[in-house]
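The structure appears right after this line, and notes come after that.
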Amino acid sequence: MARPRLRAAGAVALLVVLVAVLVVLLPRGGDDERRTRTGATDGAGHQLTGLSVVPDPEGDGWLGVSHRPTGRGPADFAVGLATSKDLLHWTPVAELDADGGNMPVLHALPGGGYLLAYEDYVRVDDGNAISRIRVRAYADRARLLRNTWAVQRELPATLSDNNEGTPSFERVDWNGSAGASTITLRFHYNADAKGVDRQGIGTLRGFRDWTARRDEALDETLTRAGFPASHGRRSTFRAGGRPWMLIEVQRRPGDFSTWRLVLLDRGPAPRAEPTVVCGGDAGVPTAPSVGVPWVQIAPDGEGGPDLLFLSAFVFDGPSAGTFLARSPLPRGVAADQVAGLFQRCAPAR
């Protein structure tokens with residue numbers, strides 16, 4: 001996938017490092033146990049790169065945001081909104097940013113509103129695409145589908161004059177309105193046009209005041225684990241009674257064949273050594289390169305086990321493109337079993 005600066009895109013304790021070129025969530029079974037899609041597109045044939053989902057309050061479905069290349073230039077992407085009943089098949093309903101938007105994430109607010117954050121390419125300087133983070137608030141579902149936001153903010157550059165992007169919501173204290181909100185975002189930044197991406201964390205208060213800092217502890221953890229190049233998009237979730245982060249990392253700068261996924265236990269105490277399980281590394285030569293992860297855990301809506309959903313982007317091989325997987329989350333899964341939920345690579349022919 002051509003993606004300009006899409007290298008991407010407190011201290012985090014490394015408990016488990018699970019490097020995976022794409023993880024499938026449970027051992028293979030029938031369609032009711034494990035379902036996946038490779039090269040996934042929406043009903044209009046649009047790529048679903050970086051698909052981020054939240055439950056749809058109308059019915060038993062889902063809302064999802066993703067981006068696709070438009071082919072119009074070095075920094076041309078479009079952010080779209082789609083709906084789904086099964087997390088695998090998506091119907092496009094709105095275009096949220098047709099001019100450079102990419103790496104979107106959606107967050108549902110109390111009372112029915114939504115937050116949208118994404119990386120926005122704002123200009124091209126001497127062939128270098130410059131990106132910033134844009135955050136929007138939508139009052140309700142209807143306005144989200146019409147792309148009528150109540151307020152938006154392009155966050156000022158804090159750590160890089162070149163690229164800041166691939167945001168994810170770390171914490172949201174809404175307090176009833178944008179002006180009363182405190183929103184903590186994780187993101188990546190690139191200090192110079194040819195450098196590697198590193199991790200940042202910042203806080204937006206009242207949709208006005210933005211402060212940010214480098215997350216050097218996280219970068220050091222990932223570098224020590226064998227990934228000294230770019231550290232990009234991340235997704236956080238809870239399983240086994242503990243918080244986790246799945247993040248894309250790169251072994252060699254500029255080498256798209258070396259993107260991997262790393263699972264970090266963000267609990268207070270380490271419980272295991274870093275474990276390489278797949279991803280084009282020794283012993284798994286058929287696995288392709290992968291990044292741009294998103295993990296969602298939510299009730300299935302029918303009283304059954306919770307669903308564990310994963311989206312990611314496979315950069316090469318026969319399964320290149322967006323990969324989607326959904327599976328029941330075993331009841332009572334323990335913390336030391338979470339790594340086992342991510343035990344298979346993307347299908348390889």
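The values are calculated or read from the model by the stated rules, or taken from the named source; none is laboratory data. Everything numeric here is computed off the predicted structure, so don't read it as measured data. Note: ideal-geometry Cβ built from the backbone for every residue, glycine included; neighbour counts use all protein chains shown. These accessible areas exclude ligands, DNA and RNA; they are computed on the full protein's heavy atoms, side chains included. Shrake-Rupley method; radii C 1.70, N 1.55, O 1.52, S 1.80 Å.
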Yes/no for Thr158 being of a type in the set (Val, Ile, Thr) and in contact with a Ser or Thr (Cβ under 9 Å, 6 or more places away or on another chain): yes
Residue set Phe227, Phe207; condition at pLDDT below 95 and open to solvent by less than 30 Å² (accessible area, probe 1.4 Å); output residue Phe227
Given the condition out of contact with any helix residue (DSSP H, G or I) (no Cβ under 6 Å at 6 or more places or on another chain), among the β-branched types (Val, Ile, Thr), farther than 22 Å from Asn102 by Cβ and open to solvent by 30 Å² or more (accessible area, probe 1.4 Å), answer yes or no: does some residue in region 235-248 qualify? no
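Table: residues versus (1) modelled with pLDDT of 95 or more; (2) closer than 21 Å to Leu308 by Cβ.
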residue: Ala2; (1), (2): no, no
residue: Leu26; (1), (2): no, yes
residue: Thr36; (1), (2): no, yes
residue: Leu51; (1), (2): yes, yes
residue: Ser66; (1), (2): yes, yes
residue: Ala75; (1), (2): no, no
Those residues of region 181-201 that are open to solvent by 10 Å² or more (accessible area, probe 1.4 Å) and modelled with pLDDT of 95 or more come to a total of 5
Residue hits (region 237-262; assigned to a strand (DSSP E or B) and out of contact with any Phe, Trp or Tyr (no Cβ under 9 Å at 6 or more places or on another chain)) are Ala239, Arg242, Ile247
In the set Leu116, Leu109, the lone residue that is touching a Pro at 6+ places or on another chain (Cβ under 8 Å) and closer than 25 Å to Ala82 by Cα is Leu116
Counted residues in region 161-180 being hydrophobic (A, V, I, L, M, F, W, C) and either at pLDDT below 95 or open to solvent by less than 30 Å² (accessible area, probe 1.4 Å) (or both) come to 1
Scanning region 299-330 for residues that are in a strand (DSSP E or B) and farther than 17 Å from His89 by Cβ, the one nearest to the chain's Cα centre (by Cα) turns out to be Ala312
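For every residue, the table says whether it meets (1) surrounded by fewer than 22 Cβ atoms within 10 Å (Cβ to Cβ); (2) modelled with pLDDT under 90.
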residue	(1), (2)
Ala82	no, no
Asp86	yes, no
His89	yes, no
Ala94	yes, no
Pro110	yes, no
Ala117	no, no
Arg123	yes, yes
Val135	no, no
The condition from (1) within 27 Å of Ala94 (Cβ to Cβ); (2) part of a strand (DSSP E or B); (3) hydrophobic (A, V, I, L, M, F, W, C) that Ala212 misses is numbered (1)
